[in-house]
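Structure, as C-alpha coordinates:
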Amino acid sequence: MNVFDELEARGMIAQTTEKDRIRELLGGSPITFYIGFDPTADSLHVGHFVQLMVMAHMQRAGHRPIALLGGGTAMVGDPSGKTDMRKMMTPETIAYHVECFKKQMSKFIDFSDGKALMVNNADWLLNLNYIDFLREVGVHFSVNRMLTFECYKSRLENGLSFLEFNYMLMQSFDFYHLNQHYNCTMELGGDDQWSNILGGVELCRRKSGKEVYGMTFALLTTSEGKKMGKTERGAVWLNPEKTPPYDFFQYWRNVDDADVIKCMKLLTFVPVEEINELAKAEGSAINAVKERLAYEVTKLVHGVEEADKALEAARSVFGAGAVSENMPTTQLSDNDLINGSISVIEMLVKTGLAPSKGEARRLIQQGGVAVDDRKVNNIGDEIEKSAFDKGFVIIRKGKKVFHKAILN
(Lines give C-alpha, C1' and ligand atoms only; values in the text may rest on other atoms or scores of the structure.)
Protein backbone atom coordinates (compact mmCIF):
# COMPACT_ATOMS: atom_id res chain seq x y z
CA MET A 1 0.00 0.00 0.00
CA ASN A 2 1.16 3.55 -0.77
CA VAL A 3 2.13 5.08 2.58
CA PHE A 4 -0.05 8.09 1.72
CA ASP A 5 -3.08 5.79 1.61
CA GLU A 6 -2.01 4.22 4.91
CA LEU A 7 -1.75 7.62 6.61
CA GLU A 8 -5.05 8.73 5.11
CA ALA A 9 -6.82 5.54 6.23
CA ARG A 10 -5.59 6.23 9.77
CA GLY A 11 -7.04 9.74 9.71
CA MET A 12 -3.60 11.29 10.07
CA ILE A 13 -3.52 13.67 7.12
CA ALA A 14 -4.98 17.13 7.68
CA GLN A 15 -3.75 19.38 4.83
CA THR A 16 -1.50 19.03 1.77
CA THR A 17 -0.05 21.51 -0.70
CA GLU A 18 -0.63 19.23 -3.71
CA LYS A 19 -2.43 16.05 -2.70
CA ASP A 20 -2.25 14.11 -5.95
CA ARG A 21 1.41 14.95 -6.55
CA ILE A 22 2.36 14.07 -2.96
CA ARG A 23 0.56 10.73 -3.22
CA GLU A 24 2.40 10.03 -6.46
CA LEU A 25 5.77 10.88 -4.90
CA LEU A 26 5.20 8.74 -1.82
CA GLY A 27 4.26 5.77 -4.00
CA GLY A 28 7.45 6.02 -6.03
CA SER A 29 11.19 6.23 -5.35
CA PRO A 30 12.34 7.10 -1.83
CA ILE A 31 12.25 10.78 -0.93
CA THR A 32 13.77 12.74 1.94
CA PHE A 33 11.37 14.60 4.25
CA TYR A 34 11.67 16.39 7.56
CA ILE A 35 9.76 17.16 10.73
CA GLY A 36 10.94 19.80 13.20
CA PHE A 37 10.90 19.47 16.98
CA ASP A 38 11.66 22.53 19.11
CA PRO A 39 13.31 21.39 22.39
CA THR A 40 11.07 23.38 24.75
CA ALA A 41 11.31 20.75 27.53
CA ASP A 42 13.65 17.95 28.61
CA SER A 43 11.35 15.26 27.21
CA LEU A 44 9.07 14.61 24.26
CA HIS A 45 5.37 14.31 25.15
CA VAL A 46 2.43 12.46 23.63
CA GLY A 47 1.69 15.38 21.31
CA HIS A 48 5.05 14.71 19.64
CA PHE A 49 4.27 11.02 19.40
CA VAL A 50 1.90 11.46 16.45
CA GLN A 51 4.77 13.04 14.50
CA LEU A 52 7.11 10.22 15.48
CA MET A 53 4.54 7.67 14.30
CA VAL A 54 4.26 9.49 10.96
CA MET A 55 8.05 9.36 10.65
CA ALA A 56 8.05 5.66 11.43
CA HIS A 57 5.32 4.90 8.86
CA MET A 58 7.22 6.88 6.23
CA GLN A 59 10.52 5.17 7.06
CA ARG A 60 8.91 1.73 6.88
CA ALA A 61 7.76 2.66 3.37
CA GLY A 62 11.38 3.34 2.36
CA HIS A 63 11.52 7.14 2.69
CA ARG A 64 14.29 8.93 4.60
CA PRO A 65 13.33 11.07 7.61
CA ILE A 66 15.25 14.06 8.86
CA ALA A 67 14.53 14.82 12.50
CA LEU A 68 15.25 18.52 12.82
CA LEU A 69 15.99 19.61 16.37
CA GLY A 70 15.28 23.29 16.80
CA GLY A 71 18.28 24.41 18.79
CA GLY A 72 18.13 27.70 16.87
CA THR A 73 14.38 28.27 16.52
CA ALA A 74 13.89 27.48 20.24
CA MET A 75 15.89 30.67 20.93
CA VAL A 76 12.91 32.59 19.53
CA GLY A 77 9.86 30.40 20.21
CA ASP A 78 7.00 29.44 17.92
CA PRO A 79 3.90 31.63 18.47
CA SER A 80 1.62 29.00 16.85
CA GLY A 81 -1.18 27.98 19.19
CA LYS A 82 0.08 30.19 22.01
CA THR A 83 -1.84 33.06 23.60
CA ASP A 84 1.32 34.50 25.16
CA MET A 85 4.99 34.64 24.31
CA ARG A 86 6.94 31.54 25.25
CA LYS A 87 9.38 31.78 28.14
CA MET A 88 12.90 32.52 26.91
CA MET A 89 15.36 29.68 27.54
CA THR A 90 19.12 29.91 27.97
CA PRO A 91 21.39 28.35 25.32
CA GLU A 92 22.56 25.84 27.94
CA THR A 93 19.00 24.71 28.69
CA ILE A 94 18.21 24.34 24.99
CA ALA A 95 21.37 22.30 24.41
CA TYR A 96 20.44 19.97 27.27
CA HIS A 97 16.91 19.52 25.91
CA VAL A 98 18.35 18.70 22.46
CA GLU A 99 20.41 15.87 23.94
CA CYS A 100 17.33 14.50 25.74
CA PHE A 101 15.34 14.53 22.50
CA LYS A 102 18.14 12.74 20.64
CA LYS A 103 18.09 9.82 23.07
CA GLN A 104 14.31 9.47 22.96
CA MET A 105 13.92 9.70 19.20
CA SER A 106 16.38 6.88 18.62
CA LYS A 107 13.85 4.51 20.20
CA PHE A 108 11.33 5.14 17.44
CA ILE A 109 13.36 5.94 14.33
CA ASP A 110 16.22 3.88 12.86
CA PHE A 111 19.16 6.27 12.39
CA SER A 112 21.66 3.57 11.42
CA ASP A 113 23.42 3.47 8.05
CA GLY A 114 21.94 6.75 6.85
CA LYS A 115 18.35 5.47 7.05
CA ALA A 116 17.46 8.69 8.87
CA LEU A 117 19.27 11.89 9.81
CA MET A 118 19.18 14.03 12.91
CA VAL A 119 20.26 17.65 12.50
CA ASN A 120 20.17 20.76 14.66
CA ASN A 121 19.19 24.08 13.06
CA ALA A 122 21.43 25.89 15.53
CA ASP A 123 24.28 24.77 13.25
CA TRP A 124 23.17 27.20 10.52
CA LEU A 125 20.75 29.67 12.13
CA LEU A 126 23.05 30.89 14.90
CA ASN A 127 25.73 31.87 12.41
CA LEU A 128 23.51 33.92 10.10
CA ASN A 129 24.30 37.54 9.43
CA TYR A 130 21.05 39.36 10.14
CA ILE A 131 21.34 41.89 7.31
CA ASP A 132 22.15 39.15 4.80
CA PHE A 133 19.23 37.10 6.16
CA LEU A 134 16.80 40.00 5.70
CA ARG A 135 18.02 40.58 2.13
CA GLU A 136 18.05 36.92 1.11
CA VAL A 137 15.01 35.62 3.01
CA GLY A 138 12.96 38.49 4.40
CA VAL A 139 12.47 40.02 0.94
CA HIS A 140 10.33 37.01 -0.05
CA PHE A 141 7.76 37.47 2.75
CA SER A 142 4.76 39.80 2.74
CA VAL A 143 3.93 41.23 6.16
CA ASN A 144 0.34 41.77 5.06
CA ARG A 145 -0.03 38.12 4.17
CA MET A 146 1.75 36.90 7.31
CA LEU A 147 -0.73 38.82 9.45
CA THR A 148 -3.59 36.85 7.88
CA PHE A 149 -2.16 33.57 9.16
CA GLU A 150 -3.88 32.24 12.25
CA CYS A 151 -0.64 31.80 14.20
CA TYR A 152 -0.13 35.58 14.10
CA LYS A 153 -3.69 36.86 13.78
CA SER A 154 -4.75 35.23 17.06
CA ARG A 155 -1.86 36.92 18.88
CA LEU A 156 -2.42 40.50 17.74
CA GLU A 157 -4.91 41.24 20.52
CA ASN A 158 -2.54 40.02 23.27
CA GLY A 159 0.60 41.37 21.68
CA LEU A 160 2.99 39.80 19.19
CA SER A 161 6.69 40.50 19.68
CA PHE A 162 8.96 41.23 16.74
CA LEU A 163 11.12 38.38 18.01
CA GLU A 164 8.31 35.87 17.37
CA PHE A 165 7.45 37.50 14.06
CA ASN A 166 10.80 36.20 12.77
CA TYR A 167 9.91 32.60 13.57
CA MET A 168 8.18 31.83 10.27
CA LEU A 169 11.19 33.14 8.33
CA MET A 170 13.55 30.95 10.36
CA GLN A 171 11.48 27.79 9.91
CA SER A 172 11.10 28.53 6.21
CA PHE A 173 14.86 28.94 5.91
CA ASP A 174 15.27 25.53 7.58
CA PHE A 175 13.34 23.92 4.71
CA TYR A 176 15.43 25.79 2.14
CA HIS A 177 18.67 24.77 3.87
CA LEU A 178 17.64 21.09 4.05
CA ASN A 179 16.52 21.18 0.42
CA GLN A 180 19.88 22.58 -0.69
CA HIS A 181 22.09 20.32 1.43
CA TYR A 182 20.10 17.07 1.75
CA ASN A 183 17.69 17.18 -1.22
CA CYS A 184 14.79 17.30 1.25
CA THR A 185 11.61 17.76 -0.79
CA MET A 186 8.85 17.61 1.80
CA GLU A 187 8.13 19.18 5.19
CA LEU A 188 5.67 17.50 7.53
CA GLY A 189 4.24 18.69 10.83
CA GLY A 190 1.21 19.12 13.04
CA ASP A 191 -1.69 21.03 11.57
CA ASP A 192 -0.82 24.06 13.70
CA GLN A 193 2.33 24.34 11.54
CA TRP A 194 0.45 24.81 8.25
CA SER A 195 1.33 28.51 7.87
CA ASN A 196 5.00 27.93 8.64
CA ILE A 197 5.15 25.02 6.21
CA LEU A 198 3.58 27.10 3.44
CA GLY A 199 6.23 29.75 4.07
CA GLY A 200 9.00 27.17 3.59
CA VAL A 201 7.46 25.72 0.43
CA GLU A 202 7.18 29.17 -1.14
CA LEU A 203 10.70 30.20 -0.10
CA CYS A 204 12.24 27.08 -1.67
CA ARG A 205 10.38 27.63 -4.92
CA ARG A 206 11.27 31.33 -5.12
CA LYS A 207 14.97 30.95 -4.25
CA SER A 208 15.79 27.71 -6.07
CA GLY A 209 12.87 27.08 -8.41
CA LYS A 210 12.62 23.52 -7.07
CA GLU A 211 9.29 21.78 -6.47
CA VAL A 212 8.83 20.99 -2.81
CA TYR A 213 5.76 20.01 -0.82
CA GLY A 214 4.13 20.28 2.57
CA MET A 215 1.74 18.08 4.52
CA THR A 216 0.24 18.43 7.98
CA PHE A 217 -1.23 15.89 10.35
CA ALA A 218 -4.09 15.77 12.76
CA LEU A 219 -3.33 17.06 16.23
CA LEU A 220 -4.00 14.71 19.13
CA THR A 221 -7.40 15.96 20.26
CA THR A 222 -10.53 14.51 21.81
CA SER A 223 -13.79 14.14 19.91
CA GLU A 224 -14.71 17.52 21.43
CA GLY A 225 -11.63 19.17 19.92
CA LYS A 226 -9.67 19.52 23.16
CA LYS A 227 -5.96 18.71 23.18
CA MET A 228 -5.11 15.32 24.66
CA GLY A 229 -2.07 14.53 26.75
CA LYS A 230 -2.80 16.56 29.86
CA THR A 231 -3.52 15.25 33.36
CA GLU A 232 -3.86 16.87 36.78
CA ARG A 233 -0.12 16.36 37.18
CA GLY A 234 0.66 18.04 33.86
CA ALA A 235 1.69 16.70 30.47
CA VAL A 236 1.91 13.00 29.63
CA TRP A 237 5.62 12.60 28.89
CA LEU A 238 7.51 9.88 27.02
CA ASN A 239 10.24 9.95 29.69
CA PRO A 240 9.43 7.23 32.29
CA GLU A 241 10.90 9.37 35.07
CA LYS A 242 8.40 12.14 34.34
CA THR A 243 5.39 9.91 33.59
CA PRO A 244 5.88 6.36 34.97
CA PRO A 245 4.90 3.52 32.59
CA TYR A 246 1.93 2.51 34.76
CA ASP A 247 0.54 6.07 34.75
CA PHE A 248 1.21 6.24 31.02
CA PHE A 249 -0.71 2.99 30.51
CA GLN A 250 -3.57 4.21 32.70
CA TYR A 251 -3.90 7.43 30.72
CA TRP A 252 -4.70 5.48 27.56
CA ARG A 253 -6.76 2.88 29.42
CA ASN A 254 -9.00 5.70 30.65
CA VAL A 255 -9.54 7.61 27.39
CA ASP A 256 -13.12 8.43 26.50
CA ASP A 257 -15.03 5.78 24.56
CA ALA A 258 -15.38 8.21 21.65
CA ASP A 259 -11.60 8.64 21.32
CA VAL A 260 -10.24 5.10 21.60
CA ILE A 261 -10.42 4.15 17.89
CA LYS A 262 -8.95 7.46 16.76
CA CYS A 263 -6.04 6.99 19.18
CA MET A 264 -5.56 3.41 18.04
CA LYS A 265 -5.19 4.60 14.43
CA LEU A 266 -2.88 7.51 15.24
CA LEU A 267 -0.66 5.93 17.89
CA THR A 268 -0.23 2.23 17.08
CA PHE A 269 0.81 -0.02 14.21
CA VAL A 270 -2.26 -2.23 14.61
CA PRO A 271 -3.54 -2.76 11.03
CA VAL A 272 -6.41 -0.50 10.01
CA GLU A 273 -8.56 -3.51 9.07
CA GLU A 274 -8.19 -4.91 12.59
CA ILE A 275 -8.92 -1.52 14.16
CA ASN A 276 -12.11 -1.26 12.10
CA GLU A 277 -13.21 -4.59 13.56
CA LEU A 278 -12.40 -3.38 17.08
CA ALA A 279 -14.53 -0.31 16.38
CA LYS A 280 -17.61 -2.54 16.37
CA ALA A 281 -17.27 -3.18 20.12
CA GLU A 282 -20.15 -1.88 22.23
CA GLY A 283 -20.90 -1.53 25.92
CA SER A 284 -18.41 -3.09 28.31
CA ALA A 285 -16.56 -4.70 25.38
CA ILE A 286 -15.03 -1.26 24.70
CA ASN A 287 -12.90 -1.72 27.83
CA ALA A 288 -11.00 -4.52 26.11
CA VAL A 289 -10.28 -2.18 23.19
CA LYS A 290 -9.03 0.49 25.60
CA GLU A 291 -6.78 -2.08 27.24
CA ARG A 292 -5.40 -3.03 23.83
CA LEU A 293 -4.77 0.64 23.02
CA ALA A 294 -2.99 1.22 26.33
CA TYR A 295 -0.84 -1.88 25.89
CA GLU A 296 0.16 -1.10 22.30
CA VAL A 297 1.13 2.52 22.99
CA THR A 298 2.98 1.63 26.21
CA LYS A 299 4.85 -1.14 24.37
CA LEU A 300 6.03 1.30 21.69
CA VAL A 301 7.15 3.95 24.18
CA HIS A 302 8.46 1.88 27.10
CA GLY A 303 9.00 -1.63 25.72
CA VAL A 304 7.27 -4.98 26.09
CA GLU A 305 8.43 -5.64 29.67
CA GLU A 306 7.01 -2.38 31.05
CA ALA A 307 3.82 -2.82 29.02
CA ASP A 308 3.37 -6.32 30.47
CA LYS A 309 3.90 -5.01 34.00
CA ALA A 310 1.40 -2.20 33.51
CA LEU A 311 -1.14 -4.57 32.02
CA GLU A 312 -0.79 -6.99 34.93
CA ALA A 313 -1.12 -4.19 37.46
CA ALA A 314 -4.16 -2.72 35.72
CA ARG A 315 -5.92 -6.07 35.48
CA SER A 316 -5.32 -6.84 39.13
CA VAL A 317 -6.87 -3.61 40.37
CA PHE A 318 -9.68 -3.52 37.81
CA GLY A 319 -10.43 -7.17 38.34
CA ALA A 320 -10.42 -8.74 41.77
CA GLY A 321 -9.20 -5.63 43.54
CA ALA A 322 -5.87 -7.27 44.20
CA VAL A 323 -2.71 -5.34 44.93
CA SER A 324 0.02 -5.42 42.33
CA GLU A 325 3.71 -4.78 42.92
CA ASN A 326 3.67 -2.71 39.73
CA MET A 327 1.14 -0.19 41.04
CA PRO A 328 2.39 3.37 41.51
CA THR A 329 3.79 3.54 45.03
CA THR A 330 4.69 6.30 47.48
CA GLN A 331 6.92 5.61 50.47
CA LEU A 332 6.15 7.47 53.69
CA SER A 333 8.12 7.76 56.90
CA ASP A 334 7.13 8.39 60.51
CA ASN A 335 7.96 12.04 59.88
CA ASP A 336 4.91 12.20 57.60
CA LEU A 337 2.64 11.24 60.51
CA ILE A 338 1.36 13.66 63.11
CA ASN A 339 0.37 12.08 66.42
CA GLY A 340 0.38 8.66 64.79
CA SER A 341 -1.76 9.42 61.75
CA ILE A 342 -1.87 11.25 58.42
CA SER A 343 -4.86 13.10 57.03
CA VAL A 344 -6.46 11.78 53.85
CA ILE A 345 -6.01 15.25 52.36
CA GLU A 346 -2.27 15.16 53.07
CA MET A 347 -2.07 11.63 51.66
CA LEU A 348 -3.75 12.65 48.41
CA VAL A 349 -1.22 15.45 47.94
CA LYS A 350 1.83 13.33 48.88
CA THR A 351 0.84 10.57 46.45
CA GLY A 352 0.22 13.09 43.69
CA LEU A 353 -3.43 12.09 43.34
CA ALA A 354 -4.34 15.72 44.00
CA PRO A 355 -2.19 18.71 43.02
CA SER A 356 -3.23 20.73 46.09
CA LYS A 357 -5.06 20.44 49.39
CA GLY A 358 -7.95 22.42 47.92
CA GLU A 359 -8.32 19.91 45.10
CA ALA A 360 -8.04 17.06 47.64
CA ARG A 361 -10.95 18.53 49.65
CA ARG A 362 -13.03 18.83 46.50
CA LEU A 363 -12.38 15.18 45.56
CA ILE A 364 -13.46 14.01 49.02
CA GLN A 365 -16.56 16.21 49.03
CA GLN A 366 -17.58 14.79 45.66
CA GLY A 367 -17.26 11.24 46.97
CA GLY A 368 -14.34 10.37 44.72
CA VAL A 369 -11.85 9.01 47.29
CA ALA A 370 -11.57 5.63 49.01
CA VAL A 371 -8.93 4.23 51.39
CA ASP A 372 -8.65 0.43 51.42
CA ASP A 373 -12.07 0.19 49.69
CA ARG A 374 -13.67 2.41 52.36
CA LYS A 375 -15.22 5.54 50.90
CA VAL A 376 -13.98 8.73 52.54
CA ASN A 377 -16.91 10.98 53.45
CA ASN A 378 -15.29 13.52 55.74
CA ILE A 379 -12.55 15.98 54.72
CA GLY A 380 -11.12 15.61 58.23
CA ASP A 381 -10.62 11.83 58.04
CA GLU A 382 -7.26 10.48 59.17
CA ILE A 383 -5.36 7.29 58.28
CA GLU A 384 -3.99 5.69 61.46
CA LYS A 385 -0.50 4.15 61.56
CA SER A 386 -2.08 0.79 62.30
CA ALA A 387 -3.65 0.82 58.81
CA PHE A 388 -0.15 0.15 57.46
CA ASP A 389 0.32 -3.00 59.55
CA LYS A 390 -0.53 -5.16 56.52
CA GLY A 391 2.34 -3.49 54.68
CA PHE A 392 0.51 -0.85 52.67
CA VAL A 393 -2.58 1.31 52.21
CA ILE A 394 -4.42 1.59 48.89
CA ILE A 395 -5.90 4.98 47.94
CA ARG A 396 -8.38 5.10 45.10
CA LYS A 397 -9.41 8.24 43.21
CA GLY A 398 -12.59 7.83 41.21
CA LYS A 399 -13.18 4.34 39.89
CA LYS A 400 -9.97 3.79 37.98
CA VAL A 401 -6.96 5.43 39.64
CA PHE A 402 -5.21 3.41 42.34
CA HIS A 403 -2.11 4.22 44.38
CA LYS A 404 -0.22 2.27 47.03
CA ALA A 405 1.32 3.93 50.09
CA ILE A 406 3.99 2.20 52.19
CA LEU A 407 5.20 3.31 55.60
CA ASN A 408 8.89 2.65 56.25
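The values are calculated or read from the model by the stated rules, or taken from the named source; none is laboratory data. Note that the structure is a prediction, hence the values are computed from the model and not measured. Virtual Cβ from ideal backbone geometry, glycine too; neighbours counted across all protein chains shown.
Assorted remarks:
- Output for region 231-261, where each listed residue is of a type in the set (Lys, Arg) and either in a loop (DSSP other than H, G, I, E, B) or farther than 16 Å from VAL297 by Cα (or both): ARG233, LYS242
- Scan of region 166-208 for residues that are more than 27 Å from GLY114 (Cα to Cα) and aromatic (Phe, Trp, Tyr), ordered by number: TYR167, TRP194
- If you go through region 1-50 and pick out every residue that is in contact (Cβ under 8 Å) with a residue 24 or more places away in the chain, surrounded by fewer than 16 Cβ atoms within 10 Å (Cβ to Cβ) and assigned to a helix (DSSP H, G or I), you end up with 1.
- Within region 347-370, residues that are free of Cβ contacts under 8 Å to residues at least 24 places away in the same chain reach partners that are in a loop (DSSP other than H, G, I, E, B) and of a type outside the set (A, V, I, L, M) with beta carbons closer than 8 Å, at six or more positions or on different chains, in the pairs VAL349/PRO355; VAL349/SER356; ILE364/ASN377; ILE364/ASN378; ILE364/ASP381; GLY367/ASN377.
- Sole residue being in contact with a Cys (Cβ under 7 Å, 6 or more places away or on another chain) and either in contact (Cβ under 8 Å) with a residue 24 or more places away in the chain or not assigned by TED's automatic domain parsing to the domain that holds ALA67 (or both), chosen from ASN239, ASN179, ASN183, ASN166: ASN179
- Candidate set from region 170-192 (those that are over 26 Å from ASP132 (Cβ atoms) and not small (Gly, Ala, Ser)); member that is modelled with the lowest pLDDT: ASP192
- Screening GLY367 with (1) at negative phi; (2) more than 27 Å from the chain's Cα centre (by Cα); (3) at pLDDT 80 or above gives one miss only, at (1).
- Taking residues in region 106-117 that are closer than 21 Å to LEU44 by Cα, and partners anywhere that are of a type in the set (Phe, Trp, Tyr), the pairs with Cβ atoms closer than 9 Å and at least 6 places apart or on different chains are PHE108/PHE49; LEU117/TYR34; LEU117/PHE111; LEU117/TYR182.
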